[in-house]
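Student: Provided herewith is a single structure, encoded as C-alpha coordinates, for subsequent inquiry.
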(Lines give C-alpha, C1' and ligand atoms only; values in the text may rest on other atoms or scores of the structure.)
Protein backbone atom coordinates (compact mmCIF):
# COMPACT_ATOMS: atom_id res chain seq x y z
CA UNK A 1 0.00 0.00 0.00
CA UNK A 2 1.45 3.35 -0.99
CA UNK A 3 1.40 6.20 1.53
CA UNK A 4 -1.06 9.03 1.01
CA UNK A 5 0.35 12.15 -0.56
CA UNK A 6 -0.48 15.12 1.64
CA UNK A 7 -0.62 18.68 0.32
CA UNK A 8 -0.87 22.14 1.79
CA UNK A 9 -3.46 24.68 0.69
CA UNK A 10 -0.68 26.65 -1.03
CA UNK A 11 0.37 23.57 -3.03
CA UNK A 12 -3.24 22.87 -4.01
CA UNK A 13 -3.60 26.47 -5.17
CA UNK A 14 -0.60 26.05 -7.49
CA UNK A 15 -1.96 22.88 -9.11
CA UNK A 16 -3.22 23.22 -12.69
CA UNK A 17 -6.95 23.92 -12.97
CA UNK A 18 -8.93 20.88 -14.10
CA UNK A 19 -12.53 21.89 -14.76
CA UNK A 20 -13.62 18.25 -15.06
CA UNK A 21 -13.47 17.57 -11.30
CA UNK A 22 -13.96 19.53 -8.10
CA UNK A 23 -11.23 19.15 -5.53
CA UNK A 24 -11.15 19.91 -1.82
CA UNK A 25 -8.32 19.46 0.64
CA UNK A 26 -9.17 17.64 3.88
CA UNK A 27 -6.33 17.99 6.37
CA UNK A 28 -3.79 17.51 3.60
CA UNK A 29 -5.64 14.78 1.70
CA UNK A 30 -6.92 15.61 -1.77
CA UNK A 31 -10.61 14.78 -2.12
CA UNK A 32 -12.11 14.62 -5.62
CA UNK A 33 -15.83 14.88 -6.14
CA UNK A 34 -18.05 13.86 -9.02
CA UNK A 35 -20.10 16.58 -10.69
CA UNK A 36 -23.35 17.43 -8.92
CA UNK A 37 -26.52 15.68 -9.97
CA UNK A 38 -29.55 17.39 -11.52
CA UNK A 39 -31.51 17.89 -8.30
CA UNK A 40 -28.43 19.10 -6.44
CA UNK A 41 -27.70 21.65 -9.18
CA UNK A 42 -31.29 22.91 -9.18
CA UNK A 43 -31.36 23.40 -5.39
CA UNK A 44 -27.94 25.05 -5.40
CA UNK A 45 -28.92 27.58 -8.04
CA UNK A 46 -32.36 28.21 -6.51
CA UNK A 47 -30.92 29.04 -3.11
CA UNK A 48 -27.84 30.88 -4.41
CA UNK A 49 -29.91 33.14 -6.69
CA UNK A 50 -32.40 34.03 -3.93
CA UNK A 51 -29.60 34.65 -1.47
CA UNK A 52 -27.54 36.67 -3.96
CA UNK A 53 -30.45 38.98 -4.82
CA UNK A 54 -31.23 39.56 -1.15
CA UNK A 55 -27.61 40.19 -0.11
CA UNK A 56 -26.99 42.55 -3.03
CA UNK A 57 -30.25 44.45 -2.47
CA UNK A 58 -29.42 44.98 1.22
CA UNK A 59 -25.65 45.46 0.74
CA UNK A 60 -24.84 42.74 3.28
CA UNK A 61 -21.70 41.23 1.76
CA UNK A 62 -21.02 38.59 -0.89
CA UNK A 63 -22.50 35.27 -1.97
CA UNK A 64 -20.13 32.73 -3.53
CA UNK A 65 -20.72 29.88 -5.96
CA UNK A 66 -19.93 26.27 -5.16
CA UNK A 67 -16.57 26.18 -6.89
CA UNK A 68 -15.06 28.83 -4.58
CA UNK A 69 -12.36 27.48 -2.31
CA UNK A 70 -12.20 28.65 1.31
CA UNK A 71 -8.85 28.08 3.03
CA UNK A 72 -9.97 26.90 6.47
CA UNK A 73 -6.41 26.10 7.60
CA UNK A 74 -3.00 25.51 6.03
CA UNK A 75 -4.07 21.99 5.03
CA UNK A 76 -7.85 22.27 4.55
CA UNK A 77 -9.72 23.90 1.67
CA UNK A 78 -13.47 23.45 1.36
CA UNK A 79 -15.89 24.56 -1.33
CA UNK A 80 -19.40 24.81 0.11
CA UNK A 81 -22.20 24.57 -2.45
CA UNK A 82 -23.16 28.16 -1.59
CA UNK A 83 -21.41 30.54 0.81
CA UNK A 84 -22.10 33.97 2.30
CA UNK A 85 -19.54 36.36 3.77
CA UNK A 86 -20.66 39.44 5.73
CA UNK A 87 -19.64 42.81 4.32
CA UNK A 88 -17.40 43.50 7.33
CA UNK A 89 -15.32 40.38 6.55
CA UNK A 90 -15.14 40.45 2.75
CA UNK A 91 -11.87 42.41 2.65
CA UNK A 92 -10.13 40.04 5.08
CA UNK A 93 -11.09 36.95 3.07
CA UNK A 94 -10.29 38.31 -0.38
CA UNK A 95 -7.24 37.00 -2.20
CA UNK A 96 -6.14 36.13 -5.71
CA UNK A 97 -6.48 32.47 -4.74
CA UNK A 98 -8.68 30.75 -2.19
CA UNK A 99 -10.66 32.89 0.23
CA UNK A 100 -8.64 33.31 3.43
CA UNK A 101 -10.91 31.84 6.10
CA UNK A 102 -14.37 30.43 6.54
CA UNK A 103 -17.56 31.98 5.23
CA UNK A 104 -20.06 33.28 7.77
CA UNK A 105 -22.65 30.91 6.28
CA UNK A 106 -21.70 27.66 4.53
CA UNK A 107 -24.39 25.73 2.69
CA UNK A 108 -23.86 22.08 1.81
CA UNK A 109 -26.29 19.95 -0.20
CA UNK A 110 -26.18 16.21 0.42
CA UNK A 111 -25.32 14.20 -2.68
CA UNK A 112 -25.63 10.43 -3.07
CA UNK A 113 -21.85 10.05 -2.61
CA UNK A 114 -21.75 12.03 0.68
CA UNK A 115 -21.46 10.17 3.96
CA UNK A 116 -22.73 11.31 7.35
CA UNK A 117 -19.18 11.08 8.71
CA UNK A 118 -17.72 13.26 5.96
CA UNK A 119 -20.49 15.87 6.24
CA UNK A 120 -20.04 16.03 10.02
CA UNK A 121 -16.30 16.50 9.50
CA UNK A 122 -16.92 19.40 7.09
CA UNK A 123 -19.28 21.10 9.54
CA UNK A 124 -16.67 20.81 12.32
CA UNK A 125 -13.97 22.21 10.04
CA UNK A 126 -16.12 25.20 9.10
CA UNK A 127 -16.74 26.01 12.78
CA UNK A 128 -13.10 25.52 13.76
CA UNK A 129 -12.18 28.10 11.08
CA UNK A 130 -14.70 30.66 12.37
CA UNK A 131 -17.92 29.95 10.46
CA UNK A 132 -21.10 31.15 12.17
CA UNK A 133 -23.79 28.94 10.59
CA UNK A 134 -23.94 25.86 8.37
CA UNK A 135 -27.05 24.75 6.49
CA UNK A 136 -27.05 21.11 5.35
CA UNK A 137 -29.77 20.44 2.80
CA UNK A 138 -31.19 16.93 2.44
CA UNK A 139 -32.99 16.67 -0.94
CA UNK A 140 -34.20 13.11 -0.29
CA UNK A 141 -35.92 14.11 2.97
CA UNK A 142 -36.79 17.66 1.88
CA UNK A 143 -35.24 18.97 5.09
CA UNK A 144 -32.57 21.45 6.11
CA UNK A 145 -30.38 20.97 9.16
CA UNK A 146 -29.20 24.21 10.76
CA UNK A 147 -25.96 24.14 12.75
CA UNK A 148 -24.69 27.20 14.59
CA UNK A 149 -21.31 27.80 16.18
CA UNK A 150 -23.12 28.43 19.46
CA UNK A 151 -24.07 24.74 19.50
CA UNK A 152 -27.70 25.29 18.56
CA UNK A 153 -28.89 22.69 16.03
CA UNK A 154 -32.33 22.22 14.53
CA UNK A 155 -34.01 20.56 11.56
CA UNK A 156 -36.46 22.35 9.30
CA UNK A 157 -39.09 20.56 7.23
CA UNK A 158 -40.91 21.65 4.07
CA UNK A 159 -43.46 23.60 6.16
CA UNK A 160 -40.75 25.78 7.78
CA UNK A 161 -39.07 29.00 6.69
CA UNK A 162 -35.30 29.00 6.23
CA UNK A 163 -33.85 32.12 7.88
CA UNK A 164 -30.65 33.43 9.45
CA UNK A 165 -31.72 36.52 11.37
CA UNK A 166 -28.28 37.35 12.79
CA UNK A 167 -26.51 37.09 9.43
CA UNK A 168 -29.29 37.91 6.96
CA UNK A 169 -31.96 39.98 8.75
CA UNK A 170 -35.20 39.76 6.77
CA UNK A 171 -34.16 36.89 4.50
CA UNK A 172 -36.69 34.06 4.40
CA UNK A 173 -37.48 31.24 1.99
CA UNK A 174 -39.86 28.36 2.52
CA UNK A 175 -37.96 25.10 2.67
CA UNK A 176 -40.55 23.58 0.30
CA UNK A 177 -39.65 26.21 -2.33
CA UNK A 178 -36.13 24.80 -2.58
CA UNK A 179 -37.53 21.53 -3.84
CA UNK A 180 -40.21 22.88 -6.20
CA UNK A 181 -40.58 21.42 -9.65
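The values are calculated or read from the model by the stated rules, or taken from the named source; none is laboratory data. None of the values given here were measured: they were computed from a predicted structure. Reconstructed Cβ throughout: ideal geometry from the backbone, glycine too, with neighbour counts over all protein chains shown.
Each row is one residue, and each column tells you yes or no for (1) under 22 Å from residue 40 (Cα atoms); (2) more than 18 Å from the chain's Cα centre (by Cα); (3) free of Cβ contacts under 8 Å to residues at least 40 places away in the same chain; (4) surrounded by fewer than 18 Cβ atoms within 10 Å (Cβ to Cβ).
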| position | (1), (2), (3), (4) |
| --- | --- |
| 132 | no, no, yes, no |
| 140 | yes, yes, yes, yes |
| 146 | yes, no, yes, yes |
| 160 | yes, yes, yes, yes |
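Student: Looking at the range 37-59, which of its residues are in contact with a helix residue (DSSP H, G or I) (Cβ under 8 Å, 6 or more places away or on another chain) and over 23 Å from residue 123 (Cβ atoms)?
Tutor: 59
Student: So which residues in the range 55-87 are touching a residue at least 24 places away in the same chain (Cβ under 8 Å) and under 23 Å from residue 39 (Cβ atoms), if there are any at all? Explain how you work it out, then say what you get.
Tutor: The initial filter retains those residues of the range 55-87 that are touching a residue at least 24 places away in the same chain (Cβ under 8 Å), namely 55, 58-62, 64, 66-87.
Hits for the range 55-87 are 64, 66, 67, 68, 78, 79, 80, 81, 82, 83, 84.
Student: Considering only residues that are out of contact with any strand residue (DSSP E or B) (no Cβ under 9 Å at 6 or more places or on another chain) and more than 19 Å from residue 82 (Cβ to Cβ), look in the range 19-50 and name the one that is modelled with the highest pLDDT.
Tutor: That would be 19.
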